[in-house]
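Okay, structure first, notes after.
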Amino acid sequence: MTAQAISAPASSARSGDVVADIVADVVAATRRGTVLYCRSRLHAPWGIRMPAGALASVHVVTAGACWLMPDIGEPLHLARGDVILVPSGLGHSIADIPGRPARPLAELIGGPVGVGPVELVIDGSGPPTGLLCGGYLLAPGPLHPLTAMLPPIVHIGAGQARGTGLTAAVDLLAAEAQGTDPGASAVVAPLIDLLFVYLLRSWLAGQARADVGWAAALYDPAVGGALSLIHADPARPWTVATLAQAMGVPRATFSRRFTKLTGQPPMTYVTTWRMTVAARLLREGQAPLREVAPRVGYDSEFAFARTFKRVIGNPPGHYRATVSEAGIPAQK
C-alpha cells in the first residue's frame, strides 16, 4: 500500500467545529427514520404523558412555564427558553403543576405522533404554556458510547444556553412553531435535528472539565482530532500508528490517552463506528452488502457480515429485513 499523507484537523476547529461534526454524526447514526414533532398551546389545567419506549425526545418551552416529572427522578421546573432532552426513552409527564393527572399524548391528539406537524391545543382558564416536543425513534443495536454516557434527563436552562447556538436554534423553533408561514413544517424538522446537536454540544462543553470520559475525549486535541478523522473516512485502513502519526504524538501515548478517555482502544472504536455507519446504510438504502462492505473498510463481504453480527447483534441481512424506516409504533 502506498503511504498517503493524512491531514489533522486544524487546532482552531478542534474545540468547536470538530465536536459539532462528531455529535451530528452520532445523532444521525442513532436516529431511525424522520423527526417526529408536536407543537402545543396549553392553558391550565393540563397534563401530557410521554410513555417509556424507544424514542429520544426533546422539549422546548416556547412560552410560559411548566413542570417535567420523570418516572425516575425529581420534578423539574421549566421556564421559557428551557430545553429538555430525554435521550433513552425514559417515561415522563409534563404538566402545569406537579402531580397533575396526565393523559397520553397519543390520546390527546387522536393517534400516534407521525411526521409533523401535529397541533395540540388545550383550552382552560389558567396561565398559557407553549411547548414544542420533538423526537425520533432510536435505531436498534448497541448505543453509541457518547449517548450511552448521557444521564436520563439533560436539562439546559435558558440562562445556561445564552450566547450559544442552542439559543439561536430555540428562538428559530419558537418563531416557526408559532407562525403560519407556508413551509413551516418543512423548516421545523431540520431545526429539531439541529437542536439535538446544539443541546448535546452544550451539555458536553459543561462536562469537558473532567479529564476522563467522552466529553473530555471530544475536546482533547489528539483524541478529538483522531475521532474526527475516523468519522470523516471510516473506510480508510486506519491503524493506531497512522492515527498517532496524524495527531503528531507517539503511538503508545496516543493509545493510552484514547483508551483512558473513551473507555476503549482506538481500533475497537474504529470497528464500532464502522458498524454503526453500516447499520445506517442498511436502514436507509438498498445497496447490496458487496457495496456496503467497502464503504466501511472491508474488502470481503463475509468478513464484514461476521463483524457486523458480532458488534450489532444480528447479521446485516436480517438487520435490514427487520428494520423499517416507515414503521412508527403507536404510543400507549
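Read-outs throughout are calculated quantities, based only on the coordinates presented, and are distinct from any laboratory measurement. Every value quoted in this text rests on a predicted model; they were computed, and no experiment measured them. Please note: Cβ atoms are built from the backbone with ideal geometry, for glycine as well, and neighbour counts cover all protein chains shown.
Going by how many other Cβ atoms sit within 10 Å of their own, how do S300, S40 line up, fewest first?
Placing the least packed residue first, the sequence is S300, S40.
Would you calculate the volume per residue, in Å³, of the smallest convex hull containing every Cα atom of segment 196-332?
141 Å³
If we count other beta carbons within 10 Å of each Cβ, what is the order of S228, S125, S255, fewest first?
Ranking S228, S125, S255 by Cβ neighbours within 10 Å, fewest first, gives S125, S255, S228.
From zero outward in steps of 5 Å, how is the percent of C-alpha pairs of segment 58-143 spread across the bins?
Pairs per bin, as whole percents: 3, 11, 22, 27, 22, 10, 4, 1, 0, 0.
Would you compute the Debye intensity of segment 30-207 from its alpha-carbon atoms alone, equal scatterers and no solvent, and pass along log10 I(q)/I(0) at q = 0.09, 0.14 Å⁻¹ to two decimals?
-0.27, -0.70
Hey, fewest Cβ within 10 Å first, where do M50, M149 land in order?
Ascending number of Cβ neighbours within 10 Å: M149, M50.
When DSSP beta bridges are limited to those with both residues in the chain, what percentage is antiparallel, rounded to the nearest 5?
In the chain, DSSP labels about 85 percent of beta bridges as antiparallel.
Using helices alone, what [θ] at 222 nm do you get for the chain, with -39,500 (n - 2.57) per DSSP H run of 4 or more residues, divided over all residues and rounded to the nearest 500?
-13500 deg cm²/dmol
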